[in-house]
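Worksheet for the structure shown next.
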Amino acid sequence: MVFNVSVAMNWILFLALFPIAFFWLRRAWRILVRGDHSEVALKRGEPPANAAKFAPYAAVINLVAGVVIVYVIFGVVVLGLSFESWTSIAGITLWSKFLADFILRRHAHPMQLGKKKS
């Protein structure tokens, strides 16, 4: 048996989907059900002053991304999605979630021009 790096990387990518889905769905659960806004639109580890305002958006971003990743896992294991299909869905979901979180964080923490006020 010959070690194939490509196959190993595919397995690593697939196995990484499990904790990714767990953390994203857990974050959506914390925001929606528990009302914990401490992880909403973090910038340098700090939530915005009005985190409750941005909580529904963060919850939807995490919930949709988590559900899509769970669908990819289900599709690979049960439905037999092709490699090109599941990797493209997973990749687009990952990048879209990162971009949406970045946009939300920038909107929640507006850029301040001039000197910082203490």
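Rule-based calculations on the coordinates, nothing more; no lab input. Just so we're clear, the structure is a prediction, and the values are computed from it rather than from any experiment. Note: ideal-geometry Cβ built from the backbone for every residue, glycine included; neighbour counts use all protein chains shown.
Quick look at the numbers
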| quantity | calculated |
| --- | --- |
| Residue selected from the stretch 54-112 under the condition more than 20 Å from ARG44 (Cβ to Cβ) and among the hydroxyl-bearing types (Ser, Thr, Tyr), by the criterion surrounded by the most Cβ atoms within 10 Å (Cβ to Cβ) | THR93 |
| Residue list for the stretch 1-25, restricted to those being within 26 Å of VAL40 (Cα to Cα) and out of contact with any Lys or Arg (no Cβ under 8 Å at 6 or more places or on another chain) | ALA16, LEU17, PHE18, PRO19, ILE20, ALA21, PHE22, PHE23, LEU25 |
| Residue list for the stretch 24-49, filter: in contact (Cβ under 8 Å) with a residue 24 or more places away in the chain and either under 30 Å from SER82 (Cα atoms) or surrounded by fewer than 18 Cβ atoms within 10 Å (Cβ to Cβ) (or both) | TRP24, LEU25, ARG27, ALA28, LEU32, LEU42, LYS43 |
| Residues satisfying the stated conditions in the stretch 47-82, i.e. touching a helix residue (DSSP H, G or I) at 6+ places or on another chain (Cβ under 7 Å) and of a type in the set (Phe, Trp, Tyr) | PHE54, TYR57 |
| Every residue from the stretch 79-106 that is more than 11 Å from the chain's Cα centre (by Cα) and of a type in the set (D, E, K, R) | GLU84, ARG105, ARG106 |
| Selection from the stretch 1-36 of residues that are among the small types (Gly, Ala, Ser), farther than 30 Å from ALA52 by Cβ and within 19 Å of the chain's Cα centre (by Cα) | ALA16 |
